[in-house]
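No value in this document is a laboratory result; all are computed from the given coordinates. Everything numeric in this text was worked out from a predicted model, so none of it was measured. Positions of Cβ are generated from backbone atoms using ideal geometry, with glycine treated the same way; all protein chains shown enter the neighbour counts.
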Amino acid sequence: MTTSRIVVTGIGASSPIGGTASESWSALLAGASGARTLEHEWVEQYQLPVTFAAEAQVRPETVLERPMAKRLDPSSQLAMVAALEAWADAGSPDVEPERLGVDFATGIGGVWTLLDAWDTLREKGPRRVMPMTVPMLMPNAASGNLSLHFGARAYARTVASACASSTESIVNAVEHIRAGYADVVIAGGTESAIHPITIASFASMQALSRRNDSPETASRPGSIDRDGFVMGEGAGVLVLETEEHAKARGAKIYAAVVGGGVTADSYHITANDPEGAGAARAVRMALEMADAAPDDVTHVNAHATSTPVGDPNEYVALHSVFGDRVREIPVSATKASTGHLLGGTGALEAIFTVLALRDRVAPPTINITEPDPAVPFLLSGDPQPLGAGPQLAISNSFGFGGHNAVAAFASA
């Protein structure tokens, strides 16, 4: 068991607003939106009620070498693109394979591979189904392929807890390093599920925004006229290691992951607990692990999906932890820009949280036309300065199934 701080030494992302972590961060600060009308024939073919989403800005198959791209589902392609960037950003650590781990996440997995294979089976018969179908569609495909590519033998773990998945993977990675199972872990999450079946399903449950005439303004967390979330796509990766290991090899350090909390609501399969007890407990757990008090928190990256019910419930949860001070903490709801990446969202937002601490600025929350009195967070359409001195931030992720995951980060 190590008592060393766990630090972030590399980041990588492929998101709806940028092909890299730095591009995504710059676009976020500039108030960009990744939501766009979908240019696919299947939108009209199936007469989908929602005709837009936030697809990855750079298609991963254009970045990866063709042989690699062909054996990976789009979700694993995005994971590989982000991981390659993060690994290079970390300086390609020289670490024994048995001391390198992978902790990766997805909410849905290889939905495109699965449903394309089903179409092939129905239309052309079983002999035309690709032999790599199962290895491409399985939820652990991204984790397994990253382990193979980077030679990680300490462990390769997969988390699938819906929209809490990749934040949970980051918390798991910290616990594994602290327990002495690995010196370096590639952690994060991915999702590529902008597919007619998922759009139709989310639309059927009234979860998606229907602002087909204005996609770029559709995601509006905290705004009184919000009407649902926007499907997003992408991946985020963080390279984590002990502070001693990072300093010994002369690595740059972005921030420290100082705490994490994972809980369950046991309330409803899709709705979060309106009293926010499970979410609040996850925040308290993260702060306890960080040996910090609620008053130490200087920034929050909220889960804030832009749904009518979810946003107020998150406020209730945070108010129970911070009291009225929650209205004074700079909050960012970055899904307003990126849409909701489901299993990949926590990792991308962890990167945004790390960069917020580095640059001492809370990114803006776009599209707020009129603040909702039921969600009185300190949100702003402009970047909010975080000031001097030590910074402590939390990033929240809550998912279908009642999953709650919170990670706490401290400035380097």
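Could you rank the peptides 393-406, 266-279 by their average count of other C-beta atoms within 10 Å per residue, with the highest value first? Mind showing how you got there, number by number?
Details: 393-406: 27.0, 266-279: 16.9.
Result, highest mean first: 393-406, 266-279.
Put one equal scatterer on each alpha carbon of the chain, apply the Debye formula with no solvent term, and list log10 I(q)/I(0) at q = 0.12 1/Å to two decimals.
Taken in order of the listed q values, log10 I(q)/I(0) reads -0.86.
Would you work out if segment 159-259 is rounded, prolate or oblate? Take a ≥ b ≥ c from the square roots of the eigenvalues of the alpha-carbon gyration tensor; rounded if a/c is under 1.5, else prolate when a/b is larger than b/c, oblate otherwise. Intermediate values should be presented prior to the final figure.
Details: a/c = 3.18, a/b = 2.45, b/c = 1.30.
The shape class here is prolate.
For segment 50-108, what percent of Cα pairs sit more than 20 Å apart? All intermediate terms of the calculation are to be shown ahead of the outcome.
Values: 694 of 1711 pairs.
Of all Cα-Cα distances in segment 50-108, 41 percent exceed 20 Å.
Which residue, 48, 379, 28, has the most motion in a Gaussian network model of the chain that connects Cα atoms within less than 10 Å?
Of the options given, 48 has the highest mean-square fluctuation.
Where a ≥ b ≥ c are the square roots of the eigenvalues of the C-alpha gyration tensor, would you call segment 1-59 rounded, which needs a/c under 1.5, or, failing that, prolate if a/b is larger than b/c, or oblate?
Values: a/c = 3.66, a/b = 2.33, b/c = 1.57.
Prolate shape, in that a/c is at least 1.5 and a/b is the bigger ratio.
Pop out the Kirkwood hydrodynamic radius of segment 1-125 from its pairwise C-alpha distances, inverse of mean 1/r, in Å to one decimal. Before the final figure, lay out the partial values.
Details: mean 1/r = 0.0576 Å⁻¹.
With all distinct Cα pairs of segment 1-125 included, I get 17.4 Å.
Could you put 123, 96, 191 in order, starting from the residue whose Cβ has the fewest other Cβ atoms within 10 Å?
123, 96, 191
Place the peptides 357-368, 5-16 in order of packing, highest mean first, counting for every residue the other Cβ atoms within 10 Å and averaging per peptide. If you can, show how the numbers build up before the last one.
Values: 357-368: 22.3, 5-16: 28.2.
Highest-to-lowest ranking by the protection proxy: 5-16, 357-368.
Once the convex hull of the C-alpha atoms of segment 296-412 is built, how many Å³ does it hold per residue, rounded to a whole number? Don't skip to the answer; put the middle values down first.
Values: hull volume 11.5 nm³, N = 117.
Value for segment 296-412: 98 Å³ per residue.
If each residue's Cβ is checked for other Cβ atoms within 10 Å, how do 205, 289, 136 rank with the fewest at the top? Don't skip to the end; give the middle numbers.
On the way: 205 9, 289 20, 136 23.
Ranked by crowding around the Cβ, least crowded first: 205, 289, 136.
Using the Karplus curve 6.51 cos²θ - 1.76 cosθ + 1.60 with θ = phi - 60°, what ³J(HN,Hα) values do you get for each residue of segment 318-331, in whole Hz, with x for Gly and Pro?
Once rounded to whole Hz, the list reads 6, 5, 5, 8, 9, x, 5, 5, 4, 6, 9, 8, x, 10.
Can you list residues whose amide H is under 5 Å from residue 10's amide H, if they're 5+ apart or on another chain and H is modeled 1.01 Å from N?
Those lying under 5 Å, H to H, from residue 10 are 239.
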